[in-house]
């Protein structure tokens, strides 16, 4: 049984079990922290850097989704510095891929787009890399558009942790990283994919979508995830 | 000493173009050309995209006529799916297309051309714009704004968005029409009809003042092309291609729109980025033809709606060669659009919930043709086994008119421009003939009255002989 820690978040006294993360304790107490790669029901990887918080006494910023709470911690979830870094991270995501919201299947239902709006981003100050990335439409029911992938790895995690197929994985390093199916084969040729569609439903952007969707038609339904995780006891 | 006059940019049109007028030693017009100076690249950068995205992607070609591209693109995608879309969906798309034509025609007539018509071709350029109209004839300006608003409101009621709606999808539309929205559309139609009739009455009254222009704009004799319904009536969404000669005799009828490439060729001229299509059996350049309102009304048996047909009777007393009468044809078509929308909204299945056909792609090649405000529009796509675009080719309505616009510029320049005594009004007439075609050269309408017009008379040694700045 974990011990209970008491700490401050934004000056408010809160308490949580020591095996809980700052993000979990904050949400239990109704304190919002933005996230992109995190989704309830899957493991946390701290990839997107949206949930960075300030902890008194520590000079670097820490991801709330992977940092455990500790006794006497003093956490700040909002500051000019944090907003600056969050905006920069989102701008980098936009500059790195090819995100053309107006003609995207997820326009109006996209977590990346929503994050940009929430952070008040109306310009990208970095030069666009405009990479040449392909579209894999070989699967009978789903399409993967790498142009819109932000490498959150939700697809990789849900396929591995929930479906147990581990069709998706990450290949390459740094800016050259891409998610792939099996050993970088066409998705339609994958012998491991069960066509369950969990990857599509958890993808925060229009990178994974149901084939035949027109602009703005792809809404993601991922409430199943919490339910499955609870049934399996994956959620605390 | 030969000279060249350059009109760059051409104003009060949609997109970017310039005109050059070449003068001989005596200062008379020797030749003139209409140059389209922009490259868009849509056909290229859609390669590799899933075809279901095409309507939304292609509608971004234009902010004035996004609906026209939505319709032609969605029809090409229907052909890829090899489905026959539900009747309600076809009629809803028809209504959307008609609302689009009405608002675009209103923009062309009231915003872009009425300044010439109301204030005169020689009026002060600073006044020759919509604000000048608002001062001189406020009701006319209000009517123009209101008509455009109605078209846009109908588009919004149907599709949820005035510009670039995502409602039209391969296989139909993604939402049925509700009773409230139908009634909201029905409620504005009669006001629209009233406005157009009022405008026509005024316009008929001033036609006499423009006899010289009407004549100058009619020196060009061309074929006419457009879609017609099964009974030869005006048709904007489906139908077959009809081609009439300069005397309105039908020389080809019932042509399949999807075979357009077999009877229309495309020539390339060094002075323009816009290709010059021609009717193949007559060859290039004899196969020059016009499309759009003037051509459509010249080839149809009737409009199929009572008020528009009444006006068509008067229209037939006018010189059918003259591009000046694109204006009147445009007004008749606005009338037709409102009347036709009314008819379609009363069809029994219009509120049907069944508005979309679903299928996997069944063809590798799909062609969609419809009538856009400016004429016949074609989208042609080829996809791979996965449904990704391999090749896209668009034949844009304005393109059909390219040769006719180029030759009209020459004819009108020859009639009006005198190098020795260059006046702004002369050049405005050259621009005005282009405006009759309402070319949509890209997706932008220039700021009214703000665009600089810079005309220079340049001697062969490069020295500027004369200059006019707007």
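Any residue in segment B:31-44 that is buried (at least 24 other Cβ atoms within 10 Å of the Cβ), under 24 Å from the mean Cα position of the chain (by Cα) and over 27 Å from residue B:143 (Cα atoms)?
Yes, segment B:31-44 contains a residue that is buried (at least 24 other Cβ atoms within 10 Å of the Cβ), under 24 Å from the mean Cα position of the chain (by Cα) and over 27 Å from residue B:143 (Cα atoms).
So which of B:377, B:388 is modelled with pLDDT of 95 or more and touching a strand residue (DSSP E or B) at 6+ places or on another chain (Cβ under 8 Å)?
B:388
The conditions are (1) at pLDDT 90 or above; (2) touching a strand residue (DSSP E or B) at 6+ places or on another chain (Cβ under 6 Å), and residue B:286 fails exactly one of them. Which is it?
Unmet condition: (2).
Is it the case, given these coordinates, that residue A:179 is under 15 Å from the mean Cα position of the chain (by Cα) and more than 14 Å from chain B (Cβ to nearest Cβ)?
The answer is yes for residue A:179.
Of B:355, B:369, which residue is in contact with a strand residue (DSSP E or B) (Cβ under 8 Å, 6 or more places away or on another chain), within 14 Å of chain A (Cβ to nearest Cβ) and within 21 Å of residue B:238 (Cα to Cα)?
Going through B:355, B:369 in turn, just one is in contact with a strand residue (DSSP E or B) (Cβ under 8 Å, 6 or more places away or on another chain), within 14 Å of chain A (Cβ to nearest Cβ) and within 21 Å of residue B:238 (Cα to Cα): B:355.
Of all residues in segment B:34-80, count the ones that are in contact with a helix residue (DSSP H, G or I) (Cβ under 9 Å, 6 or more places away or on another chain), touching a residue at least 24 places away in the same chain (Cβ under 8 Å) and within 12 Å of chain A (Cβ to nearest Cβ).
18
Quick check: is even one residue across segment A:114-126 within 14 Å of chain B (Cβ to nearest Cβ) and either modelled with pLDDT under 95 or in a helix (DSSP H, G or I) (or both)?
no
Do you know which residues across segment B:204-223 are more than 20 Å from the chain's Cα centre (by Cα) and buried (at least 18 other Cβ atoms within 10 Å of the Cβ)?
Scanning segment B:204-223 gives B:210, B:213, B:216.
Could you list all residues from segment A:127-159 that are under 26 Å from residue A:88 (Cα atoms), more than 14 Å from chain B (Cβ to nearest Cβ) and within 16 Å of the chain's Cα centre (by Cα)?
Correct list: A:149, A:150, A:151, A:152, A:153, A:154, A:155, A:156, A:157.
Right, residue B:83: surrounded by fewer than 23 Cβ atoms within 10 Å (Cβ to Cβ), more than 14 Å from chain A (Cβ to nearest Cβ) and out of contact with any helix residue (DSSP H, G or I) (no Cβ under 6 Å at 6 or more places or on another chain) or not?
no
Just wondering, is there one or more residues in segment A:223-235 that are modelled with pLDDT of 95 or more and either closer than 16 Å to residue A:42 by Cβ or buried (at least 16 other Cβ atoms within 10 Å of the Cβ) (or both)?
Looking for residues that are modelled with pLDDT of 95 or more and either closer than 16 Å to residue A:42 by Cβ or buried (at least 16 other Cβ atoms within 10 Å of the Cβ) (or both), one finds none in segment A:223-235, hence no.
On the given criteria, is residue B:96 part of a helix (DSSP H, G or I), within 14 Å of another protein chain (Cβ to nearest Cβ) and touching a helix residue (DSSP H, G or I) at 6+ places or on another chain (Cβ under 8 Å)?
Considered against the rule, which asks whether it is part of a helix (DSSP H, G or I), within 14 Å of another protein chain (Cβ to nearest Cβ) and touching a helix residue (DSSP H, G or I) at 6+ places or on another chain (Cβ under 8 Å), residue B:96 comes out as no.
In segment A:189-220, which residues are free of Cβ contacts under 8 Å to residues at least 60 places away in the same chain, within 14 Å of chain B (Cβ to nearest Cβ) and in contact with a helix residue (DSSP H, G or I) (Cβ under 7 Å, 6 or more places away or on another chain)?
A:212, the sole residue that qualifies.
On the basis of being within 30 Å of residue A:5 (Cα to Cα), in contact with a helix residue (DSSP H, G or I) (Cβ under 7 Å, 6 or more places away or on another chain), more than 14 Å from chain B (Cβ to nearest Cβ) and at pLDDT 95 or above, does residue A:75 make the cut?
yes
Among the residues of segment B:168-177, is any within 14 Å of chain A (Cβ to nearest Cβ), in a strand (DSSP E or B) and out of contact with any strand residue (DSSP E or B) (no Cβ under 9 Å at 6 or more places or on another chain)?
Looking through segment B:168-177, at least one residue is within 14 Å of chain A (Cβ to nearest Cβ), in a strand (DSSP E or B) and out of contact with any strand residue (DSSP E or B) (no Cβ under 9 Å at 6 or more places or on another chain).
Would a scan of segment B:87-106 turn up a residue that is touching a strand residue (DSSP E or B) at 6+ places or on another chain (Cβ under 9 Å), assigned by TED's automatic domain parsing to the domain that holds residue B:213 and surrounded by fewer than 22 Cβ atoms within 10 Å (Cβ to Cβ)?
Yes, that holds for at least one residue.
The values are calculated or read from the model by the stated rules, or taken from the named source; none is laboratory data. Because the structure is predicted, anything quoted here is derived from the model rather than measured. As a convention, Cβ positions derive from the backbone with ideal geometry for all residues, glycine included, and neighbour counts pool all protein chains shown.
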